[in-house]
There are 2 protein chains.
Amino acid sequence: MALRHAVLAALLDGELSGYQLAKAFDVGVANFWYAQPQQLYAELTRLEKEGLVAGREVVQESRPNKRLFHVTDPGLAELETFTAASAKPAVVRDDLLVKVQAAERVDTDALVAQLTERAQVARAKIDLFGTLLRRLRGDRTEEDFLRHGDRIGPYLTCLRGVAFEQENHDWCVRTVAILEERRQAHARH
Amino acid sequence: MALRHAVLAALLDGELSGYQLAKAFDVGVANFWYAQPQQLYAELTRLEKEGLVAGREVVQESRPNKRLFHVTDPGLAELETFTAASAKPAVVRDDLLVKVQAAERVDTDALVAQLTERAQVARAKIDLFGTLLRRLRGDRTEEDFLRHGDRIGPYLTCLRGVAFEQENHDWCVRTVAILEERRQAHARH
DNA sequence: ATTGAGTAGTCATTTTTATGACTATCATGG
DNA sequence: CCATGATAGTCATAAAAATGACTACTCAAT
């Protein structure tokens, strides 16, 4: 039951509708939590029922009405309790790594293709997070922002996102190089 | 349904009992997949029923008998199919990052404590993986092993584990430093 | 005039994962 | 002699997450 805390944390930076929240989970939040829109809508409903978030209807011209949610005081208290509890180690689950574990017992072409694709995705994410970081810190330097800015949480998680994707990218590229080299060495026999 | 593939990939390096598999999922495999022993036993049962793995009873003196499992040809084919299918992006889910996202709206002490603990865990894992890597490559250099070794899959995933934990560690340490500095700056007012 | 994309959201069901509670045996330390 | 921890598992159930199939409205392009 930690999706709820991810939602609460995401809502700290301003009111969001379920739809906007889903967008957020597609970009920045995806750094540390992944969820489908349906899950988010369901979770928002539960959170509202428990009084941890509150929503207000916003009537819109020219597009469907929406409900904007914000975290309530009990919601903040819940986040506080959650933070105080010890974090269970992060679960890592990556199909691609499973495939690499089986490297050379399975088709190398498919593996190389997927590693290449993953490297590209990582690169795209690095760019995306870079843009996000610039937007978050405005015209300040990173150092200045981290010292005196007021909402550094999202910036910090985004920094980790960049580092993670950079590492991911480099590893994919290196792994492809190794597999290709071995393939060529093998072909010479 | 990818736990099954993680199990198959883990069994490529030799016969394992459910118990040994659980141990493997606690160390090396934990790099890219996490599962409870109970899940593994259940999955092995299913895999055996479908003929993707086969087990043989090993009668032991002085301790309970065990069943050693190995991947069958249909199992290898299944892994092949799995590898050919495009990998869905890895799901990331980390409680600690959720907490950092909420940084400064929640108790900083608790956050710093958990980041510090996480950094220590990361350091321990780096050491563990280092040992594992040395064991895998034997007396060869890394370069030599990656070029000519025969089972490089586990080595490659382990390399990523090291890089990941290193990045994790560094980020935790930096984040702690930033939070501490801000706290001191705040205290001076 | 219709199709496709974007906004905004709901419902029901299945699949996967996680948890708690168990059964055994053997070896070791105190 | 008893407790603890390692080995080697099983069963049932609860919780979480993923999936598929929907409803509506608007705008822009074909």
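The values are calculated or read from the model by the stated rules, or taken from the named source; none is laboratory data. Only a predicted model underlies this, so the values are computations on that prediction, with no experimental measurement involved. Note that we place each Cβ from the backbone using ideal geometry, even for glycine, and neighbour counts take in every protein chain shown. The accessibility values were calculated without ligands, DNA or RNA, using every heavy atom of the protein model including side chains. Shrake-Rupley method; radii C 1.70, N 1.55, O 1.52, S 1.80 Å.
Scanning region A:8-23 for residues that are within 12 Å of DNA strand C (Cβ to nearest atom) and either closer than 22 Å to residue B:95 by Cβ or within 17 Å of the chain's Cα centre (by Cα) (or both) yields A:16, A:18, A:19, A:20, A:21, A:22, A:23.
Would you check which residues across region A:109-120 are more than 8 Å from chain B (Cβ to nearest Cβ), buried (at least 17 other Cβ atoms within 10 Å of the Cβ) and not small (Gly, Ala, Ser) and list them?
Restricting attention to region A:109-120, the residues satisfying the condition of being more than 8 Å from chain B (Cβ to nearest Cβ) are A:109, A:112-113, A:115-116, A:119-120.
With the extra rule that they be buried (at least 17 other Cβ atoms within 10 Å of the Cβ), the set shrinks to A:112, A:115, A:119.
Answer for region A:109-120, where residues must be more than 8 Å from chain B (Cβ to nearest Cβ), buried (at least 17 other Cβ atoms within 10 Å of the Cβ) and not small (Gly, Ala, Ser): A:112, A:115.
Pairs, please: C-beta under 7 Å, at least 6 apart or cross-chain, first residue among the basic types (Lys, Arg) and in region B:134-150, second modelled with pLDDT of 95 or more and in a helix (DSSP H, G or I)? Here the result reads B:137/B:145; B:137/B:155; B:147/A:181; B:147/A:182, each pair linking region B:134-150 to a residue that is modelled with pLDDT of 95 or more and in a helix (DSSP H, G or I).
Condition check ((1) in the same structural domain as residue B:151 (by TED's automatic domain parsing); (2) surrounded by 21 or more Cβ atoms within 10 Å (Cβ to Cβ)) across all residues:
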site: B:26; (1), (2): no, no
site: B:31; (1), (2): no, yes
site: B:34; (1), (2): no, no
site: B:70; (1), (2): no, no
site: B:101; (1), (2): yes, yes
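Table: residues versus (1) under 23 Å from residue A:7 (Cα atoms); (2) open to solvent by less than 40 Å² (accessible area, probe 1.4 Å); (3) at the interface with chain B (Cβ under 7 Å from one of its Cβ atoms); (4) not in a loop (DSSP other than H, G, I, E, B).
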residue: A:98; (1), (2), (3), (4): no, yes, yes, yes
residue: A:122; (1), (2), (3), (4): no, yes, no, yes
residue: A:134; (1), (2), (3), (4): no, no, no, yes
residue: A:144; (1), (2), (3), (4): no, no, no, yes
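Set side by side, the residues B:54, B:77, B:84, B:42 differ, and just one is among the small types (Gly, Ala, Ser) and crowded, with 16+ Cβ neighbours inside 10 Å, which is B:54. Would you list the helices (runs of 4 or more DSSP H) that sit entirely within region B:1-65 and hold 2 or more residues that are more than 13 Å from every other protein chain (Cβ to nearest Cβ) and within 8 Å of DNA strand D (Cβ to nearest atom)? Ranges flagged: B:18-26, B:37-49.
Residue B:89 satisfies every condition listed in (1) at pLDDT below 95; (2) assigned to a helix (DSSP H, G or I); (3) within 8 Å of chain A (Cβ to nearest Cβ) except (2).
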